[in-house]
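Encoded as structure tokens, the structure appears first; notes follow it.
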Amino acid sequence: MMMMIDEILDRIYPLPGTSKRQLTALVTEIAFPRNTILMEAGKVVPYIYFMKKGIARAYAPSEDRDITFWFGKEGDPVVSMKSYVEERPGYEHIELLEDGLLYRLETAVLKELFRKDIHMANWGRKFAEKELVKTEELIISRQFKTAAERYHDLMKEKPDLLQRVQLGHIASYLGITQVSLSRIRAEMR
């Protein structure tokens, strides 16, 4: 399934036609192969992306393994919030797990639109608010739900990920081993 930029922007916050045309004129469609690192930990990323087609994961590298904490798919923004908000190096790597078609938008140009157009400023506020809510939901899920409950939520909210993402990445996302994930999957059958 592919998502067009107008549809993605409207999911965040509907814009009047003039504002949307200004924004879409600044968007570049770009293709990357599977395994591309879109954003590197320790670097300021001057772009935000929106997934037209493909799947990505965000992870924090550690000495013995990578810890996956986010998956994005068609329609999702791909952003290092620390780079976006503070223009400081992010702490995550963001990698494409499939060949990807993305819409790229330069952060500095977007912020200039925020200064000139109140509709764009409101769009930017809604964008940041939605990303904050996703982060809050992730933290609460990690603190208060079991791995089996988190897996069940993933099956319910993003069932296609289970067919498109390696089980090792899913286990890492759930904070468990692949053996534990296999056990949970067997118990749910």
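The values are calculated or read from the model by the stated rules, or taken from the named source; none is laboratory data. Values in this document were obtained by computation on a predicted structure and should not be read as measured data. FYI the Cβ positions are ideal-geometry reconstructions off the backbone, even for glycines, and counts take in every protein chain you see. Ligands, DNA and RNA are stripped out before the accessible areas are found, and what is left, the full protein with its side chains, is counted by its heavy atoms. Shrake-Rupley method; radii C 1.70, N 1.55, O 1.52, S 1.80 Å.
Mind ranking Phe32, Phe50 by accessible surface for me, highest first, 1.4 Å probe?
If we order Phe32, Phe50 from most to least accessible, we get Phe32, Phe50.
Using Cα centres only, tell me the gap between the stretch 111-189 and the stretch 1-79 in whole Å.
Each part's Cα centre sits 15 Å from the other's.
What is the dipole size for the stretch 1-111, taken about its Cα centre, with +1 at each Lys and Arg Cβ and -1 at each Asp and Glu Cβ, in debye to the nearest 20?
Here the size comes out at about 300 debye.
Kindly express, to the nearest 10 degrees and within the range 0 to 90, the angle between helix 107-116's C-alpha long axis and the longest C-alpha principal axis of the chain.
50
Spin-label point model (7 Å from Cα, Cβ direction): what's the Thr24 to Asp153 distance in nm?
Computed distance between label sites Thr24 and Asp153 equals 3.4 nm.
Starting from one equal scatterer on each C-alpha and no solvent at all, send me the Debye-based log10 I(q)/I(0) for the stretch 1-141 at q = 0.10, 0.11, 0.15, 0.19 Å⁻¹, two decimals.
-0.32, -0.39, -0.74, -1.20
Using protein chains only and a probe of 1.4 angstrom, how many square angstrom of Asp64 are accessible, to the nearest 10?
Rounded to the nearest 10, that gives 130 Å².
Just the accessible area per residue of the chain, please: how many Å² with a 1.4 Å probe?
Spelled out: the 1.4 Å probe surface of the chain, per residue, equals 55 Å².
Taking θ = phi - 60°, what integer Hz values does the Karplus form 6.51 cos²θ - 1.76 cosθ + 1.60 yield along the stretch 131-142, in sequence order, with x for Gly and Pro?
Per-residue couplings from phi come out as 5, 5, 4, 4, 5, 4, 4, 5, 4, 5, 4, 5 Hz.
About its Cα centre, what dipole magnitude does the chain give when the only charges are +1 on Lys and Arg Cβ and -1 on Asp and Glu Cβ, stated in debye to the nearest 20?
Here the size comes out at about 240 debye.
If I take every Cα pair under 8 Å that is 6 or more residues apart in the chain, average their sequence separation and divide by the length, what percent do I get for the relative contact order?
The value is 25 percent.
Can you tell me how much longer the chain between Trp70 and Arg88 gets when fully stretched, taken as 0.36 nm per residue apart minus their C-alpha distance, in nm with one decimal?
Going from the current span to full extension adds 4.5 nm.
Counting only protein heavy atoms and a 1.4 Å probe, tell me what percentage of the chain's accessible area is made up of carbon and sulfur.
Here it works out to 53 percent.
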